[in-house]
Amino acid sequence: MPAGTINLDTRIHRRQLLKAQTLRSLSQKNLMDIVNKEEPIGLLVNNELSIAMLSWGKYEELIERMTEKDRLIEDLQSQIEDVLLNKHVGQAVLNAESGKNEEYTVGSLSDVFNHIED
């Protein structure tokens, strides 16, 4: 995998599992070596996979990518709303702007009063 990419494969291999109780006996250097080599690390608490560990740089990159994806989703939702709005009212707006739709066309102020009186 190229440097700077995050593996989104959620499968955890045995070598990536660590019992939480072993943290007591690991030095900080050994823990960092394990995390850097096998990232992500899954911590087992009471025989359940409970905690994921990864380097801070990978964590920041993951958060940045998620934020970028959220922005992309918001942009796409906005574009979809625009397309749907255009689909429903687009032709009516074009007709009104070109004066083809009598109900939207007002030639003078007296026309407005005539429409109100009708």
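No lab work stands behind these numbers, since they all come straight from the coordinates. Nothing here was measured: the structure is a model prediction, and the numbers come from that model.
Summary table
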item	result
Whichever lysines have a C-alpha closer than 18 Å to that of LYS37, once near sequence neighbours (fewer than 8 apart) are set aside	LYS19, LYS29, LYS58
Gained length - VAL45 relative to ASP70, 0.36 nm times residue gap less alpha-carbon distance	5.8 nm
Amide H partners (placed H, <5 Å) of ILE12, local residues excluded	none
